[in-house]
Amino acid sequence: MRRRLPLLLLSLLLVLAACGGEASQDPPAAASQSAASQSASSQSAPSQSGPLPGKVRDVGPTPVPDLTLTTLDGASIDLQAQEGRLLLVNFWATWCAPCREEIPDLKALHADLHEEGLRVIGIALDREGREVVAPFVDKLDIPYPIVIDSDGAAESAFGPLPGLPTTLLVTPDGQVTKRVLGIFPAEEMRSTLEQMLNSDGASSGTT
């Protein structure tokens, strides 16, 4: 009996050690699965909700830069000669997903308020230039003027941009007063734009 007791104790210790080893392996595996699930959820969440509208921030007022832009069609736009028009100067790029998402809203604003004096100007920052931008503009049938800023001159004139898209609002008297980083909140800003067009007496025009 005395000889069997040590053997029984040894067997019991071996069993306890084996259960402890299995138990110690389970939590890391569960934690790994949980982390993977959280990671998958966090990655899928943005695609489900979509990009959020940008925030409107008051800036300036500062005079619009002394800059003449050349559009894809070869027309010239002197920014300081746009008095009487309310400008939305939209910096974007073809490779920028939020930029592509906001284009239909900018097209709608152009269609609805262009005759009232609103002028949307898109400034593309694609370094590849016309070869990339022109087909993109044709495909999306963008009606407002598009400028290619492949050398960064327009970007420098407006100061460093916090990101893309960035849209600057220029009042009819030529002052930069608001900046939006991210998708332009067209519906949120529509009434504000309409009020500015009416109160400031912005001139109508088709160019």
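Using a Förster radius of 22 Å, what is the FRET efficiency between Leu140 and Asp112 based on their Cβ-Cβ separation? Nearest 0.05, please. E between Leu140 and Asp112, to the nearest 0.05, is 0.80. Loop-located trypsin sites (Lys or Arg not before Pro) in the stretch 105-207 (DSSP state not H, G, I, E or B) with no more than 13 neighbouring Cβ atoms inside 10 Å: Arg127. Modelled this way, with points 7 Å down the Cα-to-C-beta line, the labels at Glu128 and Val59 are 2.8 nm from one another.
A simple count of charges around Arg100, restricted to other residues whose Cβ falls under 15 Å of its Cβ and scoring Lys, Arg +1 and Asp, Glu -1, yields -4. In plain terms, the chain from Glu83 to Asn198 could stretch by 40.0 nm, reckoned as 0.36 nm per residue minus the Cα-Cα distance.
Pairs of Cα atoms in the stretch 92-207 fall into 10 Å distance bins, from 0 up to the last occupied one, in shares of 13, 46, 35, 7, 0 percent.
Each value in this text was obtained by applying a stated rule to the coordinates, not by laboratory testing. This is a predicted model, so every value here is computed, not measured. Every residue, glycine among them, receives a Cβ derived from its backbone with ideal geometry; neighbour counts consider all protein chains shown.
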